[in-house]
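The following block contains the structure, expressed as structure tokens.
The values are calculated or read from the model by the stated rules, or taken from the named source; none is laboratory data. Everything numeric here is computed off the predicted structure, so don't read it as measured data. Because the Cβ atoms are built from the backbone with ideal geometry, glycine has one as well, and the counts that use them run over all protein chains shown. Calculation scope for accessible area: heavy atoms of the full protein, side chains included, ligands and nucleic acids excluded. Shrake-Rupley method; radii C 1.70, N 1.55, O 1.52, S 1.80 Å.
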Amino acid sequence: MKHDYNFFKNYLLFDGLSETEVQKFIELMKFKKVNSNEVIINEGDNGDTIILLINGEVSITQALTLKNTKTIADNREKTSIRIDSKKSHHFFGEISLFNEVDKRTATITATSDCEIAILDDEDIINLCNEDHTLGYKIMKNLAEKLASSLERTNSQVLKLTTVFSLILDT
């Protein structure tokens with residue numbers, strides 16, 4: 001697959017960026033093949049990269065409840081989303097760019113053989129510091145993605161509190 005502007009311009013991360021601006025990011029990307037069933041990001045692990053799904057399918061799982069400290073296995077209630085690169089141009093790991101703790105907030109697992117591109121947070125910040133106009137555009141795009149994730153999380157919290165209140169009422 002050709003890794004050029006025409007491919008990457010479709011990612012929300014690069015919305016509104018010129019070909020020259022996107023090319024700066026492409027030059028910093030590390031490309032990796034991932035086997036089916038391989039974990040790409042593990043919830044709770046340290047993270048300092050943004051990952052773009054180039055080709056393949058992944059599932060995103062995120063714990064909805066706290067881990068029971070009495071068991072070794074992770075038996076938390078989880079939510080799952082499937083992402084197909086043919087249907088959307090998705091990227092992951094943006095929260096680590098803004099979080100001092102740098103903990104991953106979800107597990108991303110390949111459900112087919114995949115290709116991903118990896119951008120180091122430090123490289124992104126350096127580019128944004130070198131070119132403030134580019135930095136503004138990238139931060140605006142990341143803010144849109146974070147706002148969308150926050151809306152989804154708020155919905156999940158509402159569902160959980162509704163269930164909890166129904167349990168307490170019985």
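Every residue, every condition in (1) modelled with pLDDT of 80 or more; (2) farther than 17 Å from LYS145 by Cα; (3) not charged (D, E, K, R), yes or no:
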| site | (1), (2), (3) |
| --- | --- |
| TYR11 | yes, no, yes |
| LYS33 | yes, yes, no |
| LEU52 | yes, no, yes |
| VAL58 | yes, yes, yes |
| LYS78 | no, yes, no |
| ASP84 | no, yes, no |
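Which of the residues spanning the range 13-47 are free of Cβ contacts under 8 Å to residues at least 60 places away in the same chain and of a type in the set (Asp, Glu)?
Across the range 13-47, the qualifying residues are GLU19, GLU27, ASP45.
Ok, one more. Restricting attention to the range 100-124, and to residues there that are part of a loop (DSSP other than H, G, I, E, B) and under 15 Å from ILE51 (Cα atoms), which single residue is modelled with the lowest pLDDT? Explain how you work it out, then say what you get.
Of all residues in the range 100-124, those part of a loop (DSSP other than H, G, I, E, B) come to 100-102, 104-106, 111-113.
With the extra rule that they be under 15 Å from ILE51 (Cα atoms), the set shrinks to 102, 104-106.
Working: ASP102: 70, ARG104: 85, THR105: 82, ALA106: 86.
Restricting to residues being part of a loop (DSSP other than H, G, I, E, B) and under 15 Å from ILE51 (Cα atoms), the top hit is ASP102.
While we're looking at this one, here's another question. If I ask for residues that are open to solvent by 50 Å² or more (accessible area, probe 1.4 Å), more than 13 Å from ILE50 (Cβ to Cβ) and free of Cβ contacts under 8 Å to residues at least 40 places away in the same chain, which ones from the range 125-143 would you list? It would help to see each step written out before you state the result.
First, the residues of the range 125-143 that are open to solvent by 50 Å² or more (accessible area, probe 1.4 Å): 125-126, 129-130, 132-133, 136-137, 139-140, 143.
In the following step, the residues that additionally are more than 13 Å from ILE50 (Cβ to Cβ) were identified as 126, 129-130, 132-133, 136-137, 140, 143.
Result: ASN126, ASN129, GLU130, HIS132, THR133, TYR136, ALA143.
Which of the residues spanning the range 90-102 are open to solvent by 30 Å² or more (accessible area, probe 1.4 Å) and under 12 Å from the mean Cα position of the chain (by Cα)? So that I can check it myself, show each step before the final result.
Taking the range 90-102 as the starting set, the residues that turn out to be open to solvent by 30 Å² or more (accessible area, probe 1.4 Å) are 90, 95, 98-102.
Result: HIS90, ILE95.
Considering only the range 1-48, state which residues are open to solvent by less than 80 Å² (accessible area, probe 1.4 Å), outside any loop (DSSP other than H, G, I, E, B) and within 18 Å of THR107 (Cα to Cα).
Those that are open to solvent by less than 80 Å² (accessible area, probe 1.4 Å), outside any loop (DSSP other than H, G, I, E, B) and within 18 Å of THR107 (Cα to Cα): VAL34, VAL39, ILE40, ILE41.
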